[in-house]
Structure formats: structure tokens, C-alpha cells
1. When you scan region B:137-154, do you find a residue that is within 11 Å of chain A (Cβ to nearest Cβ) and in a helix (DSSP H, G or I), even just one?
2. Filter region A:90-112 for residues that are of a type in the set (Ser, Thr, Tyr) and within 8 Å of chain B (Cβ to nearest Cβ) and give the result.
3. List pairs: first in region B:213-235 and assigned by TED's automatic domain parsing to the domain that holds B:Ile197, second of a type in the set (Lys, Arg), Cβ under 7 Å, 6+ apart or cross-chain?
4. Do the conditions hold for A:Ala115, that is, is it within 20 Å of A:Gly202 (Cα to Cα), within 13 Å of chain B (Cβ to nearest Cβ) and either of a type in the set (Val, Ile, Thr) or part of a helix (DSSP H, G or I) (or both)?
5. Looking at region A:66-88, which of the residues that are surrounded by fewer than 17 Cβ atoms within 10 Å (Cβ to Cβ) and of a type in the set (D, E, K, R) is farthest from the other protein chains (Cβ to nearest Cβ)?
6. Checking B:Ala208 against (1) part of a helix (DSSP H, G or I); (2) more than 30 Å from A:Ile162 (Cβ to Cβ), which test does it fail?
7. Go through the residues of region A:69-78 one by one and say whether even a single one is at pLDDT 85 or above, over 19 Å from A:Val208 (Cβ atoms) and not in a loop (DSSP other than H, G, I, E, B).
8. Identify, please: which residue in region B:85-111 is within 13 Å of B:Pro140 (Cα to Cα) and aliphatic (A, V, I, L, M) and is, among those, surrounded by the fewest Cβ atoms within 10 Å (Cβ to Cβ)?
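The values are calculated or read from the model by the stated rules, or taken from the named source; none is laboratory data. All figures in this text were calculated on a predicted structure; none of them were measured in a lab. All Cβ positions, glycine included, derive from the backbone under ideal geometry; neighbour counts span all protein chains shown.
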Amino acid sequence: MTTVQNLDRLEERQARHTLSVQSLSKSYGEGADAVEVLHELDVRVEPNEVVCIVGPSGAGKTTLLRCLAGLLPPSSGKVMLGDQEMTEPLSEVGVVFQDYSRSLLPWMRTKENVAFPLQGRGMGRSQRMALAEQCLDAVGLPAVGRKYPWQLSGGMQQRAAIARALAYQSEILLMDEPFASVDAQTRFDLEDLVLDLRKRLGISIVVVTHDIDEAVYLADRVVVLSGHPATVVDVVDVPFGMDRDQIDTKADARFTEARRRILNEIRH
Amino acid sequence: MSTILAEAPKQLGRLLEQVWLVAVLAAAWWFLSANSTSVYFPPLSKIMQSLVSGFTTGTMMRDVVFSLSNILIGIAVATVLGVAVGILIGELERLRQVLDPFLQFVRSVPQSALIPIVIGALGIGQAPKIYMIAFACFWPVLLNTIDGVRSIAPEVRDMAKSYRIPTTLRIRRIVLPAALPQIVAGVRVSLAVGVVIMVVSEIFSAVAGIGHYINMAGSSFDISGAWAGTLLVGALGYLLSVSFILFEKGTLRWYFDSAALASHGRIKTTRSRRKAKK
């Protein structure tokens, strides 16, 4: 019974809000020593869109993501969810961290890890466990709920971290270099999982990555950050729609063109 | 069944490995001291007699109960307070900075030096000894708890923040388990500290306890009695630490298993579980 209700819930996840930053700047330090990392950024993530943020190392990609997550207050400008200003983390936004081996808690079994944020929302145990199971199913991990995260491979741990963000019922997923430390094959599988979740659940996804191929493959729009302090140097539209394929999409001339354009912008 | 039989010789071997040195030393002591006429180094056989008669006709049983209850209550109090205060200080960075010099000072004060003052002020009964043990054991637990809380990875804190985990739930399910390995290490240190304080506080002035027994025997020239008491303290300390290690293995299973997996690529301690399945 509860499973059916939860199933409805997962399918009804669908993003309704636009996540955006408006002339956002961020500096670290104070006074004369302050270093500006981000300068006057404007980025919009429309419902059900995948937006990738690329840029060279140290361009402030992670800083931007932390601002979007409400973990870091901007120095000036605003982070908006719909027409509401975000000043703290909101439940509409779920974060998948780069270092999955740390962000999953080693003293909880995988299913408990996925269900844990729901406990903070006061959801009953049986209900949140059922939802956790369902989310583990959705990311292709149907049988590992009883295992501890450290008993899983890196790719499986990252899937579990994605399941946790899904279980939290957020409509927007923020992912910080999510596949940086898994092998190539696993990375392709996880990229396809991201596209699949977007299509099936209607959620919006923001992926920070330094990998241009990954950005173009995943994104509807690629936001290119560059410079010190970083500014948005370009927003590249990628016209592949919902259905993409690791081989065909990447062989498409438009893929190569987008890739070349971004690479040039980052180099200069 | 067959696996249990196959394991038996291996376990016996491991046991022998641990026991042989103790056995050799005990035997050496027994035979070398057999003809000793020194007042201060009586034969081991005589010490053993004192130990047995201490239990059968003397006050030894009452003394052991007295000492054991002191140390167990003392450590329990120290652990509860140390963990509670440690989490508070570890979580509040400003508070820690303010208190840090004070903590460094207190940790270097020799606790046993305070015994005369505390007992002078509070009397020779059981409570002041428990206070002393609790006080001395509080510091290792406190300092380890603070360290444990502070060493929680920033990723974990970000996770808790972005998933809006409420404070009490965060303390209970994230901070406490994350700091637990360090907390347990602190309690293990305080166990050793507690045994010393227990004995010294009873030697200084008491009406019961193993320390009291040693002191009484020593000052009435019953040196073998004093030796017997001393050996008993050693045995007690050993038993306490062994039972604590067992407790530690039980509560920190995830910690040892994940560490073993990381270093050897396989899980050692779950072997028993797999065996049970066969």
C-alpha cells in the first residue's frame, strides 16, 4: 500500500521551479585581502533542464554550486528558487557530492543512508525505508540496501548518493564533479542514468564538471566559466533533446562543434 | 561442524602464542623465589597462599567489590560527562578556542596529586574516591571526544547541512557515531588512569578497597599480602581492558570492518558470519 503511494510520489517529482542566480558575486576573505572568485554571474536552470557548468580548475565551479545549494551565502547578488530568494538549503534542492566515500555515512547501511534525510523531515520508518528501496531501484541498485556503503564499488556508492538525493524528494539535483573518480565505463553508465532520471522523473539537474565531453553529452545548455574572477563567457545550447546515445550523439557533427567552441573559450 | 573442528588447532596455536611468555615468567618467578628468605621478595608460593587466604578468610572479596564498583561508577560518570561536554565544545568552535588553554593546562596537571586535597576536603568514604576517578577519567574522554568531533570531514557537515538534518538527529546519528572511535580510545586510556587513581586513593586513606588492603598488609610487614594485592590489581586491570576490547569490537564493527576492507581488500571480522552460513 505504502509502496504504491510512494511510487506515485516519485513519479510526481517533476521540477516546477526555476533555479537561478542573479548577478551573483562571491569573494573569499575580507577587506584588502579579499579575493573575488565569481563576478556577476547570471545562470538559469529551467524545470526539467540539464545544465552543465564547465570551466578550468580553480574557476570557482564548486563555489557556484555551493551557492546554488544554499550552503554558501553570496557576497552580492541573489540565488532564487522560483520567485523565492534562497538563504539556506531548501528541500527542493538535493546535492550529490563529489566525494561519495565521505558523504555516505559508513556506520549506516546503504538503505539507511538513503532514508536518513527523510528522518529529519519526520517521515515514519517504514515509509522512508520503502521510499529508499524504491529510489535504490530507480538508480539500478535493487539488492544492496543491506550492505554498508564501503562494501560497494565507487560507481555503486555514487548511485546510492544519487538515490539519497532522489529520496529527499528534491526536484533539482546539484552534482559536483559526480563521476570524477570512477572508471570510464562506469562513468558512461552513470551519465546515462542521469539522462534517464531526468526523462523519467522530470527533475532538473545541474552538473559541475571539468570534462567538456561529459558536459556536452549531458546538457541542454552548457554554462562556460572562465577567468579570474570567473564570469560566464558563454552559454552553449545543445540541441539533442531527451534521448541521447553514447556513440551516436558523440559522433554527431553538432556535438563536435559544441565541444570545439567550449574548448576554445576555456583556453583563452 | 567440520570447519569448527578445523579451526580448533589454529585457535589453540594462537592461544599458546599469547600465553607462553606469561607461563615462562611465572615459572621462573616461582622457582627462582622458592628459597628466598628476603622479607621484601617472598617466594611466589607464599604470595599465592596470601592471595587465597585473603579471599577465604580475609577481607579481599569485600575489597575487590569496593574497588571495582568505584572504578566502574567513576568511569561511567566520566564517560557520560566527557562525551556530553566534548560534543558541545567540539561543535562550538568559538567555545573551543576560548577553553583551549584551560584544557591544555588541566590535562597536564597530575590527577593523583589532587587526591590528598579531595579526600581531605570530602572525607575518606566511597564517594570522594568515585569523584576522583571520575575527575581523572573525564579528561581523556573529553579531549578525545573534542578531537573526534572536530575531525568529522567537511563533506559530512555539508551533507548534513544541505539535507537540513535537525541538530538533535545530527548529534545522535552523525556526530556521535563519527566521533565514536576516538571516544572509545579515550575511554580505554581513562581505564588505565582510573586503575591508578583507584589504588592510590585507597592507599592514601580508606576503610576498604584493594589499595587499602595493600597498604594495611605493607604497614603490618605482611609483604606477601602486599604482593598478593598488587598482583590482583594487575589482573583486574587486565580483565577490565580485555572486556573493554570485546565491547569495542562489538560497538565499532563498521569501523574495523571498513578499515580492514580498505587495507587488505577483504573483510576479516565478518568471517564468523560467513562461517555460520556454511
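1. Checked against the condition, which is being within 11 Å of chain A (Cβ to nearest Cβ) and in a helix (DSSP H, G or I), region B:137-154 yields at least one hit.
2. A:Ser91, A:Ser103
3. Qualifying pairs under 7 Å: B:Ser224/B:Lys46.
4. So A:Ala115 fails the test.
5. So the residue we want is A:Asp83.
6. B:Ala208 satisfies every listed condition except (1).
7. So far as region A:69-78 goes, yes, one or more of its residues are at pLDDT 85 or above, over 19 Å from A:Val208 (Cβ atoms) and not in a loop (DSSP other than H, G, I, E, B).
8. Residue satisfying both the conditions and the ranking: B:Val109.
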